[in-house]
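Below is one structure, written out as structure tokens, with a few remarks after it.
The values are calculated or read from the model by the stated rules, or taken from the named source; none is laboratory data. Here the structure is a predicted model, which is why all the values come from computation and not from measurement. Don't worry about glycine lacking a Cβ; one is built from the backbone with ideal geometry, like all the others, and counts go over all protein chains shown.
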Amino acid sequence: MLNFTYHNPTAIVFGRGTIAKLPELIPAADRVLLIYGGGSIKRNGVYEQVREALQDRTMVEFGGIEPNPRYETCLRAVELCRREQIDFLLAVGGGSVIDGTKFIAAALKYAGDEPWDLVKDQAPIHAAAPFGAVLTLPGTASEMNGTAVISRESNQQKLFFSSPHTFPKFSILDPEVTYSLPPRQSANGTIDTFVHVLEQYLTYPVDAPLQDRFAEGILLTLLEEAPKIQADPHNYDARANLMWCATHGLNGLIACGVPEDWASHMIGHELTALYGVDHGRTLALVMPRIMRHQRARKRGKLLQYAARVWGLRDGDEDARIDEAIQRTESFFHSLGVSTAMSDHGVPPEAARLVAERLAARDMRLGEHADLGPDQVEEILRL
């Protein structure tokens with residue numbers, strides 16, 4: 001097992017009716033900025049719950065955070081915070097709203113001239129405004145990590161940043177608020193979680209059996225619970241289990257002491273930036289292709305994945321790997337998500353364009369950090 005340090009300062013408040021606990025979590029004298037997305041929280045009752053819980057607080061609202069939060073939109077929120085002398089940020093929404101809030105929190109304390117440097121150049125973050133989250137769409141685990149992905153419309157870039165200062169102070173997770181999610185969003189969140197786990201698990205063995213078992217437990221739970229939600233969107237236990245899987249999929253715990261890949265995410269970000277494909281759907285497109293392209297170097301973990309997750313323990317090893325990859329794709333298909341590029345409006349020339357964009361930033365991908373533009377193009381052409 002590799003050396004590691006694990007630190008997670010986010011307090012999780014989980015279960016029915018927990019939005020009512022907001023007054024206990026936000027300092028009484030703080031001026032609060034409520035940050036949300038396109039307005040779904042006003043249709044599903046979450047907005048009313050938040051307003052009622054904080055009815056005695058001074059609260060300003062900022063809506064309109066996009067599904068891929070835009071730098072330009074976040075800057076408007078920064079200006080509003082300064083104008084209204086905001087003390088505390090409250091993100092109410094899915095991963096995009098929380099990611100946008102993380103950037104707003106960091107930009108408010110940034111001393112440089114161009115906040116985009118926090119993303120483009122990974123400029124050091126020495127402080128961030130305090131913020132919390134009410135999660136409405138599980139998948140990204142942004143509610144319990146310090147990482148965010150921000151898009152800039154002017155140059156079609158989608159980049160990430162991460163800092164110990166951009167962890168939420170708390171996150172409220174009430175599974176009931178996910179009942180009204182459209183099937184498309186539920187599927188995206190499930191695939192995002194599944195691939196998050198694979199990025200940290202499907203690399204090479206380093207004698208970390210506990211982390212492997214944690215990861216496999218999340219994958220098996222997703223396989224068991226996702227069909228229950230398709231059959232009954234109001235199945236509280238299934239919603240709760242999926243929500244908890246999503247949080248643990250990327251809160252740093254299963255990454256302790258193991259190598260990580262993240263190539264599918266880096267490639268997927270480019271597909272979103274270029275063609276507007278939902279993040280979860282880009283992962284469904286890219287991950288099976290990476291599994292096939294990298295099957296020789298991932299062989300040991302692919303065989304373990306085949307045996308422990310899919311129950312494939314007998315017969316030819318290559319056939320087992322083929323079947324495990326096929327079953328992974330079939331799981332994505334069962335959620336209504338195609339793994340064919342053309343079904344998502346991604347043209348053949350995307351392979352070259354994505355490779356060129358990554359080459360321009362001199363990015364090397366994968367757990368060995370040696371996948372260059374040629375390999376990326378090969379992966380997308382499979």
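General observations
- Scanning region 360-382 for residues that are under 15 Å from GLN157 (Cα atoms) and over 24 Å from the mean Cα position of the chain (by Cα) yields a single hit, ALA360.
- Residue within region 52-69 that is within 24 Å of the chain's Cα centre (by Cα), of a type in the set (A, V, I, L, M) and surrounded by 24 or more Cβ atoms within 10 Å (Cβ to Cβ) present: yes
- When ALA238 is tested against (1) over 26 Å from VAL277 (Cβ atoms); (2) buried (at least 17 other Cβ atoms within 10 Å of the Cβ); (3) within 19 Å of the chain's Cα centre (by Cα), exactly one condition is not met: (3).
- For region 314-332, the tally of residues that are of a type outside the set (D, E, K, R) and either more than 12 Å from LEU223 (Cα to Cα) or outside the structural domain of ARG281 (by TED's automatic domain parsing) (or both) stands at 6.
- Leading residue by the ranking (surrounded by the most Cβ atoms within 10 Å (Cβ to Cβ)) among those in region 176-204 that are part of a helix (DSSP H, G or I) and among the hydroxyl-bearing types (Ser, Thr, Tyr): THR193
- Any hit, region 73-86, residues being under 26 Å from MET363 (Cβ atoms), assigned to a helix (DSSP H, G or I) and not hydroxyl-bearing (Ser, Thr, Tyr): yes
- Within region 171-196, being of a type outside the set (Ser, Thr, Tyr) and touching a Phe, Trp or Tyr at 6+ places or on another chain (Cβ under 9 Å) holds for ILE172, LEU173, ASP174, PRO175, GLU176, ALA187, ILE191, PHE194.
- Test result for PRO168, closer than 22 Å to ARG361 by Cα and in a loop (DSSP other than H, G, I, E, B): no
- For region 325-358, the set of residues classified as under 16 Å from ALA187 (Cα atoms) and β-branched (Val, Ile, Thr) consists of THR328, VAL337, THR339, listed by residue number.
- The criterion of being in the same structural domain as LYS21 (by TED's automatic domain parsing), crowded, with 23+ Cβ neighbours inside 10 Å, in contact (Cβ under 8 Å) with a residue 40 or more places away in the chain and β-branched (Val, Ile, Thr) does not hold for THR147.
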